[in-house]
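The values are calculated or read from the model by the stated rules, or taken from the named source; none is laboratory data. Predicted, not measured: the structure shown is a model, and the values here were computed from it. Cβ placement follows ideal geometry from the backbone for every residue including glycine, while neighbour counts extend to all protein chains displayed.
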Amino acid sequence: MEYIPRTLENRITDYLAPAKAIILTGPRRTGKTVLLKKIQEMHKKECLFLNGDDFMVQDQLARRSSMNYEALLGDKRLLIVDEATEVPEIGKIIKLMLDSIPDLRIIISGSSSFDLVNKTGEPLTGRQYTFHLFPFTEQELASSFNLPELAELLRHRMIYGSYPELFSLPGNDRKSAYLRELANSYLLKDLLAFENLKNATKLKDLLRLLAFQIGNDVSIHELSRSLSMSRNTVERYLDLLTKIWVIFKVEPFSRNLRKEISKSARYYFLDNGIRNVLINNLESLEFRNDTGALWENLMVSERIKTQESRGMLVSNHFWRTYDKQEIDWIEEWNGRLYGYEMKWSPTKQPRCPEGFSKTYPDATFMCVSRENYHDFINQ
């Protein structure tokens, strides 16, 4: 498969500045190394690329002196450190480099924003920009596929998701095997490393329960009871799963009106393929009864990726009342409210709930189907 340009390429290049560090995070296998190699190629004459997994690199960086780093860099003024979380005290190392070497620009990467930000920590406060790389977005794929191909890929992504390597694998069996390996070997690796967590079975059970509740309110009490775990442990696992971008949490929108629900949450998966492999269901859409949930999860994850890639300042919510009026997705940005209802079928066009339109008359409302979803993702 030919290289598919990533949206972050230009943003990272635009933010490169002397005495500043760029932190690139994101789930494993989303293409961070490929992206960094592309940036290296764009700046080949001035770039030094290091792999933090390499013990020799770790030894070179461990000798913390400006003279050592000046000798290492020579005339290079762009340093890229891939897998920087493997380098002890990487934050202090980068600070010393930025302080002592004029015009130096640095990019570092790691699989977990939680782990990487912890390891860079206070030394880089005010001197860093953080970007998150996710599986392919619709916008990125549109640069390499025509409209009929994108329409077919849309159905494919609802089942198998958008991890880059999937697009070069022949046949659904290979793709299924890849997703299972990803879930078992990579997905939980970051999480299990945190705080010595060892109970992979409970984590997978928790994720399976969430996978069956896409678009529905999630009760921490019910999760705790089903898993025979304490409420605090469930909340801790959910928080960590969010920090490594396996899932993300959405809270209800409420202006404290009596009918509006304000104390629940919903969870979505960053990638449909991970969600589906966790419940052992990679059947095509024709044989499924959860197409609506798959569509909602895909649209919400695509919108999250757009917001992150653009650096949008936006609050995401759902809206529901005790008399069962609801809207799947609410965005609050630039002082306005935008409501969206997700429907796979373009023939189903629900109206905006009366309670919402009366309470928030200036808000807009849109039904997102497979005929107009580009407008929702890219607005």
Item to complete: Please work out if GLY355 is of a type outside the set (D, E, K, R) and out of contact with any strand residue (DSSP E or B) (no Cβ under 9 Å at 6 or more places or on another chain).
Response: no
Worksheet, complete the sentence: Going through (1) hydroxyl-bearing (Ser, Thr, Tyr); (2) surrounded by 18 or more Cβ atoms within 10 Å (Cβ to Cβ); (3) closer than 28 Å to ASN10 by Cα one by one, SER315 fails only at (2)
Worksheet item: Can you find even one residue in segment 312-324 that is modelled with pLDDT of 95 or more and hydroxyl-bearing (Ser, Thr, Tyr)?
Response: yes
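Residue-wise test of (1) modelled with pLDDT of 60 or more; (2) part of a loop (DSSP other than H, G, I, E, B).
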position	(1), (2)
PHE114	no, no
VAL117	no, no
PRO123	yes, no
THR130	yes, no
PHE136	yes, yes
Worksheet item: If you go through segment 1-48, how many residues are aliphatic (A, V, I, L, M) and under 23 Å from PHE167 (Cα atoms)?
Response: 8
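Residue by residue, here is whether (1) outside the structural domain of SER254 (by TED's automatic domain parsing); (2) surrounded by 14 or more Cβ atoms within 10 Å (Cβ to Cβ); (3) in contact (Cβ under 8 Å) with a residue 60 or more places away in the chain; (4) under 22 Å from the mean Cα position of the chain (by Cα) holds:
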{"site": "ASN289", "(1), (2), (3), (4)": "no, no, no, no"}
{"site": "ALA293", "(1), (2), (3), (4)": "no, yes, yes, yes"}
{"site": "GLN307", "(1), (2), (3), (4)": "no, yes, no, yes"}
{"site": "THR321", "(1), (2), (3), (4)": "no, yes, yes, no"}
{"site": "TRP333", "(1), (2), (3), (4)": "no, no, no, yes"}
{"site": "PRO346", "(1), (2), (3), (4)": "no, no, no, no"}
{"site": "ARG351", "(1), (2), (3), (4)": "no, no, no, no"}
{"site": "GLY355", "(1), (2), (3), (4)": "no, yes, yes, no"}
{"site": "VAL368", "(1), (2), (3), (4)": "no, yes, yes, yes"}
Practice prompt. Could you please give the count of residues in segment 138-152 that are touching a residue at least 40 places away in the same chain (Cβ under 8 Å) and not in a helix (DSSP H, G or I)?
Written response: 2
Discussion item. Just checking, does segment 72-80 include any residue being of a type in the set (Lys, Arg), over 16 Å from LEU98 (Cα atoms), touching a strand residue (DSSP E or B) at 6+ places or on another chain (Cβ under 8 Å) and surrounded by 14 or more Cβ atoms within 10 Å (Cβ to Cβ)?
Written reply: no
Fill in: Single unsatisfied condition, GLU283 versus (1) surrounded by fewer than 20 Cβ atoms within 10 Å (Cβ to Cβ); (2) modelled with pLDDT of 95 or more; (3) under 30 Å from GLY355 (Cβ atoms)
(3)
Discussion item. Scan segment 34-52 and tell me whether some residue there is touching a residue at least 60 places away in the same chain (Cβ under 8 Å) and either of a type in the set (D, E, K, R) or in the same structural domain as GLU302 (by TED's automatic domain parsing) (or both).
Written reply: no
Worksheet item: Of THR85, THR13, which residue is closer than 21 Å to THR137 by Cβ, outside the structural domain of LYS305 (by TED's automatic domain parsing), touching a helix residue (DSSP H, G or I) at 6+ places or on another chain (Cβ under 8 Å) and at pLDDT below 95?
Response: THR13
Practice prompt. Scan segment 27-83 for residues that are in a helix (DSSP H, G or I), more than 18 Å from ARG11 (Cα to Cα) and among the hydroxyl-bearing types (Ser, Thr, Tyr) and jot them down.
Written response: SER66, TYR69
Worksheet item: In segment 287-310, what residues are of a type in the set (Asp, Glu) and modelled with pLDDT of 95 or more?
Response: ASP290, GLU296, GLU302
Practice prompt. Within segment 50-71, track down each residue that is of a type in the set (Phe, Trp, Tyr) and surrounded by fewer than 19 Cβ atoms within 10 Å (Cβ to Cβ).
Written response: PHE55
